[in-house]
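Participant: Structure provided below as C-alpha cells; questions to follow.
Every read-out reported here was derived from the displayed coordinates using simple, explicitly stated rules and does not represent laboratory data. Everything numeric in this text was worked out from a predicted model, so none of it was measured. FYI the Cβ positions are ideal-geometry reconstructions off the backbone, even for glycines, and counts take in every protein chain you see.
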Amino acid sequence: FDIDDNLFELTPDNPAYGGYEDEVLDRLAIMLKLADVVTCSTEDLAEQLTVRFPGRRIEVVENALDDYAFRSLGSMPKGGPRRFITWRGGASHISDLLWYTPAFHQFDQAADPKWGVQFMGFNPSWLTDPPPWMIQPAHPTPRYYYTPYVPDVYRFGRLFRENVAPWAHVVPLKDTLFNRAKSAISAIEAIYAGALPIVPGFREWEIPGALR
C-alpha cells in the first residue's frame, strides 16, 4: 500500500478535511493494517505512521523528478522586463497562503517594481485580484499573476522552466504534522527550473542550495 500524505493529520482549515470523515479514515486504517508493506515518500511520514500503526513494515521511497522527460527543453532564459518568484500548489494550501499573506504584503512594500509573483495551480484571489482598499499605492502596477492548473507534466515543465523562468520559488508551509510529512518535490522542481528554492525549516527540506 502506498501513501503520500498523512491524511490522519489533516487540520480543519484544510479544504480536504471534510472529505476524510471518521468512516473514511477507519477504512484507510484497515488497508494500512492489512498491507504486507506500506511505502511512503518521506522519513517524517514513515515515523508518523509507525507511531499510529506500530509493527507495520513501512518503507520510504523518495519522490524524484524524471529529468529524462525534459532533456529536449534546452536552456532557460532569464531575460524580459519581469523577474518572477513562483509558487505552485492546489487549494489544499489555502491556509498556508493565508498564514503567509503578511509576508507577501511586506514584499509589496519592499521589492523592486519589476519583481512579480506567479501563482500556479490555485488562485489566491485576495492577492491576484484584490479589492481597491488592499492595493498598495506605492506599486499600483500588477504584482501578482496566476496560471491555472496544468495536468500534463511535460507542459508544466516547459511552462515552469521556459515561459515563467523563475528566479526564486517559495514554499510557504505552516508547521503542522501534515505539512512536515510532505516531500520536497516542489524544491526539486524549482532547482530543475534554475530557481532558488525558499523552503520551510523542516527536516525533509534540508536540500543543498535551498534557502530555509
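Participant: Under a 5 Å amide H to amide H cut-off, with H placed in plane at 1.01 Å, what residues pair with residue 83 once short-range neighbours are removed?
Facilitator: Residues meeting the amide H criterion: 115, 116.
Participant: Using the reciprocal of the averaged 1/r over all distinct C-alpha pairs, how large is the Kirkwood radius of the range 153-212 in Å?
Facilitator: 11.9 Å
Participant: Now for a separate question. What ³J(HN,Hα) values, in whole Hz, does the Karplus curve 6.51 cos²θ - 1.76 cosθ + 1.60 give for the range 25-31 when θ = phi - 60°, with x put for Gly and Pro?
Facilitator: 5, 4, 5, 4, 4, 4, 4
Participant: Apply the Karplus parameterisation 6.51 cos²θ - 1.76 cosθ + 1.60, with θ equal to phi minus 60°, to every residue of the range 165-182 and state each ³J(HN,Hα) to the nearest whole Hz, in sequence, with x for glycine and proline.
Facilitator: 6, x, 8, 8, 9, 9, 10, x, 10, 5, 7, 10, 4, 4, 6, 5, 7, 6
Participant: Can you give me the long-range amide H partners of residue 145? Hydrogens built in the peptide plane at 1.01 Å from N, cutoff under 5 Å, separation of 5 or more residues or another chain.
Facilitator: 117, 118, 119
Participant: Would you kindly work out the equivalent ellipsoid of the chain from its C-alpha gyration tensor and give its semi-axes, the square roots of five times the eigenvalues, largest first in whole Å?
Facilitator: Computed over the chain, the values are 34, 21, 14 Å.
Participant: Let me ask something additional. Using alpha carbons only, what's the Rg to Rh ratio of the range 2-61 with Rh from Kirkwood?
Facilitator: Expressed as Rg/Rh, it is 0.96.
Participant: Can you tell me the relative contact order of the chain? Whole percent, Cα pairs under 8 Å, sequence separation 6 or more.
Facilitator: Dividing the mean separation by the residue count of the chain yields 23 percent.
Participant: Could you check the spin-label model distance between residue 64 and residue 39? Points 7 Å from the Cα along Cα→Cβ, value in nm.
Facilitator: 1.2 nm
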